[in-house]
Ligand SMILES: [Zn+2]
């Protein structure tokens, strides 16, 4: 059985829109989603009546005590499609872990299969009132009983422990991570739509950051925000007639979690999953790591960048912190491997992979303006490798 | 009462919490493959039997520190910060890891591989949760 993606370069992104990223908004999330979707459709040179497929994932990613309501705190495709005046023949929602890659891949599959001709993919992120992740539980049943009574709860302690394991094992310093976070904030500061627009930080700012869960401070985490991103995808033959340079999907690969204690994420498990994604990614796409010149790796928590760089084979295991410290990801160097040239999540806000998708698209469609680099093959990754982690490879040269 | 979240035992977990109340660490063992997994699942993650009939067996209380974090801000209520969470590989089975509080406090020096032993915190009458204490090397 060949691992090659049968629909390689047969589906393309043809338009996009990214809303302003705000901490909270007076505008209802559903309204922002409608406006952003209409902008994306217009950008693609299409009208809402032509969109016949809808894909999304509508998870509200918080461990806090918040309820979801469609149109208010989440936006599903079922909610959005009729409000755009579209008459879709295909609507689906992605339910698993790996929301943006999972829904994007499903959109690609739907087009490749002929289930739709033009698909709108969107992701809407909401920042609920009150503390984002705080949970006032006084008793813990089900899965939580094994961890919450000990004080282990939420993603941050889990990531902090995996990162500490990395630091202890490879002698990584907080100074190296300072350079990574400064790079993310530098590039986010250059995005007019970013929450952190015009607000870069320095290495000294990072080093002065108060630790929340050692060795991580607030600056190692993305900030909860409200924003929407939307993309229009179609088949390669239809893409040719549209105004923007198409960016083709060459293939993708995902990993799924090993069985483990809920949120007990070990470094070894993440690295195994990442290596597995890498192996299947190159089989799927026919590319190799050396071909990738527009990499955008997920950074919802800063150490993920190390784990992706190493597990996918862009750095020897244990070396990513030195690579970063030596300027290896500095987007101002045309020869660098600029995994955060779009600013990522740390530089823009908690957008669950949208910045990675956006920057791959902008670089490959030649629409990155003053941030434009020489780019022909892009790779976005999302999540922690083992936690529904996924990678999608794009190219602007389908020949 | 500490104000910390208290475990709600269910049909499967009751033996674990009953033993914990007596300061005995038990772990769920699959009756098919005899391997421990923690926490217990619906199926055995090791041999995939649909009827693992997990039995909670008392186990050796030693282990070694794989990693740790100092929690300076907790998302849960009732915890006095800072406190230390340690990720411990238990002697009971290679690769079997459990997370608990390090009861020696946040200023105890720690390194990967340090030996620890299970120790219990009494949170409420009849409710104790397992944590760990450093074993002083002699
Ligand atoms: Zn078994």
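Taken together, the values in this text are just the output of simple stated rules run on the coordinates, not laboratory data. Keep in mind the model is a prediction, meaning the values are calculated, not measured. Here the Cβ positions follow ideal geometry from the backbone for every residue, glycine too, while neighbour counts run over all protein chains shown.
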Discussion item. Between residue B:11 and residue B:122, what's the calculated FRET efficiency when r is the beta-carbon distance and R0 is 41 Å? Round to 0.05.
Written reply: 0.95
Worksheet item: For segment B:53-138, what is the Kirkwood hydrodynamic radius in Å, using each pair of distinct C-alpha atoms?
Response: 13.8 Å
Discussion item. Averaged across A:208-215, how many Cβ atoms of other chains sit within 10 Å of each residue's Cβ atom?
Written reply: 4
Response to the item:
Per-residue average of other protein chain Cβ atoms inside 10 Å, peptide A:141-147 -> 6
Worksheet item: Mind ordering B:30-38, A:317-325 by average Cβ neighbours within 10 Å, highest first?
Response: A:317-325, B:30-38
Fill in: Selected from A:276, A:26, A:143 as most flexible by GNM, with chain A as the system and alpha-carbon contacts under 10 Å
A:26
Practice prompt. Order the peptides A:5-14, B:127-136 from the highest to the lowest mean number of other Cβ atoms within 10 Å of their residues.
Written response: A:5-14, B:127-136
Practice prompt. Round to a whole angstrom and tell me the spacing of the C-alpha centers of segment A:140-208 and segment B:1-40.
Written response: 32 Å
Worksheet, complete the sentence: So, relative contact order of segment B:10-59 in percent, Cα under 8 Å, 6 or more apart, is 36 percent
Item to complete: Any chance you could run the full-extension gain for residue A:170 through residue A:317? It's 0.36 nm times the residue separation minus the Cα-Cα distance, nm to one decimal.
Response: 52.0 nm
Item to complete: Sort B:77, A:25 so that the residue with the fewest other Cβ atoms within 10 Å of its own Cβ comes first and the one with the most comes last.
Response: B:77, A:25
Item to complete: Over 17 Å, how big is the tail of the calculated P(r) for segment A:113-188, in percent of all Cα pairs?
Response: 72 percent
Worksheet entry | Cα-based Rg and Dmax for the protein assembly as shown, where Dmax is the largest Cα-Cα distance (Å) | 23.8, 77
Worksheet, complete the sentence: Note: B:75-84 gets an average of partner chain Cβ contacts (10 Å, Cβ to Cβ) equal to 6
Worksheet item: Fewest first, what order do A:89, A:350 take by the number of other Cβ atoms within 10 Å?
Response: A:89, A:350
Practice prompt. For segment A:37-178, build the convex hull from the C-alpha positions and give me its volume per residue in Å³.
Written response: 188 Å³
Worksheet, complete the sentence: Residue span residue A:6 to residue A:22: 0.36 nm per residue of separation minus Cα-Cα distance leaves a gain in nm of 1.8 nm
Practice prompt. Would you work out the relative contact order for chain A, in percent, from Cα pairs under 8 angstrom that are 6 or more residues apart?
Written response: 24 percent
Worksheet item: Going by average Cβ neighbours within 10 Å, how do the peptides A:153-160, B:52-59 rank, with the highest at the top?
Response: A:153-160, B:52-59
Worksheet item: What share of Cα pairs, in percent, lie more than 17 angstrom apart in segment B:17-62?
Response: 31 percent
Discussion item. As a footprinting exposure proxy, order A:28, B:76, A:340, A:84 by other Cβ within 10 Å, with the fewest listed first.
Written reply: A:28, A:84, B:76, A:340
Worksheet entry | Linear extension gain, residue A:67 paired with residue A:326, 0.36 nm per residue minus alpha-carbon span | 88.8 nm
